[in-house]
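The values are calculated or read from the model by the stated rules, or taken from the named source; none is laboratory data. Just so we're clear, the structure is a prediction, and the values are computed from it rather than from any experiment. Virtual Cβ from ideal backbone geometry, glycine too; neighbours counted across all protein chains shown.
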Amino acid sequence: MKNKAKTFNIIDEKIWESCEAYLKSKLMVGHVVTIQEKAEARTKAQHRLKWVWMGFLAKEKAGEGKGFNAEEWNAFFKHKFIKGLLISQDERHVEYFTTARESLKVIKKYGTEKQYNHSLNAITSDIKTEWLSVKNMKAYMDMITIYCSMDLGVVLPIPDDLKWLNN
């Protein structure tokens, strides 16, 4: 009879000690140990900071003809940056984006500009930053920071309680 794999989600010292004791008890030829980094979805703090930035941009750029509200800035950045991050994280997203692209081609060819824009907005709003890992959400937010600095001439604020996210 085959033993089941044992999984330890190491979040504190006590769990690490249990894992270590288990490994020591199984030290013999014929065992394979795999260590895997857990890919967690973006954190609530990352999500909150993103919305601080979207609100800031809506206020900061309102008088410059951009006219985007926070939701529209969010859609703008998702459309601009998120596709590559999601595909690099999980190849299953390739099918989603391929289907979306093909659908948009058909709508652009046979539909109206209004239908095309509506479909593009619907696809973009369906994409969720919670699909990103913590690491890729950091990369996404770095892309937003760089874009705002280089293209918009804006330094995005980071509230004191969220400064640790930038490390």
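Kindly indicate the residue of the range 83-109 that is in contact with a helix residue (DSSP H, G or I) (Cβ under 7 Å, 6 or more places away or on another chain) and among the hydrophobic types (A, V, I, L, M, F, W, C) and also surrounded by the fewest Cβ atoms within 10 Å (Cβ to Cβ) among those meeting that condition.
Val94
Kindly establish whether Lys80 is modelled with pLDDT of 90 or more, basic (Lys, Arg), surrounded by 11 or more Cβ atoms within 10 Å (Cβ to Cβ) and in a helix (DSSP H, G or I).
Working: modelled with pLDDT of 90 or more: yes; basic (Lys, Arg): yes; surrounded by 11 or more Cβ atoms within 10 Å (Cβ to Cβ): yes; in a helix (DSSP H, G or I): yes.
Here the answer is yes, as Lys80 does meet what is asked.
When you look at Leu57, is it in a helix (DSSP H, G or I), closer than 28 Å to Val155 by Cβ and modelled with pLDDT of 85 or more, yes or no?
Criteria met by Leu57.
Do we find that Leu162 is among the aliphatic types (A, V, I, L, M), buried (at least 17 other Cβ atoms within 10 Å of the Cβ) and closer than 17 Å to Arg42 by Cβ in this structure? Full working, then the answer.
Working: among the aliphatic types (A, V, I, L, M): yes; buried (at least 17 other Cβ atoms within 10 Å of the Cβ): no; closer than 17 Å to Arg42 by Cβ: yes.
So Leu162 does not fit the description; no.
From the residues in the range 115-133 that are in contact (Cβ under 8 Å) with a residue 40 or more places away in the chain and surrounded by fewer than 16 Cβ atoms within 10 Å (Cβ to Cβ), which one is nearest to the chain's Cα centre (by Cα)?
To start, the set of residues in the range 115-133 that are in contact (Cβ under 8 Å) with a residue 40 or more places away in the chain comprises 120-121, 124-125, 127, 129-133.
Filter once more, keeping what is surrounded by fewer than 16 Cβ atoms within 10 Å (Cβ to Cβ): 121, 125, 130.
Working: Asn121: 18, Ser125: 14, Glu130: 6 Å.
In this case the residue turns out to be Glu130.
For Thr145, indicate whether it is at pLDDT below 90 and in a helix (DSSP H, G or I).
no
Between Ala139, Ala122, which is of a type in the set (A, V, I, L, M, F, W, C), part of a helix (DSSP H, G or I) and in contact with a helix residue (DSSP H, G or I) (Cβ under 7 Å, 6 or more places away or on another chain)?
On the way: Ala122 fails: in contact with a helix residue (DSSP H, G or I) (Cβ under 7 Å, 6 or more places away or on another chain).
Only one candidate passes the filter, namely Ala139.
Is it the case that the range 16-35 has a residue that's surrounded by 11 or more Cβ atoms within 10 Å (Cβ to Cβ), assigned to a helix (DSSP H, G or I), of a type in the set (Lys, Arg) and modelled with pLDDT of 70 or more?
The answer is no, given that none of the residues of the range 16-35 is surrounded by 11 or more Cβ atoms within 10 Å (Cβ to Cβ), assigned to a helix (DSSP H, G or I), of a type in the set (Lys, Arg) and modelled with pLDDT of 70 or more.
Answer yes or no: is there a residue in the range 148-166 that is under 11 Å from the mean Cα position of the chain (by Cα), free of Cβ contacts under 8 Å to residues at least 24 places away in the same chain and under 22 Å from Gly84 (Cα atoms). Walk me through it before giving the result.
Filtering the range 148-166 down to residues under 11 Å from the mean Cα position of the chain (by Cα) leaves none.
No, that holds for no residue.
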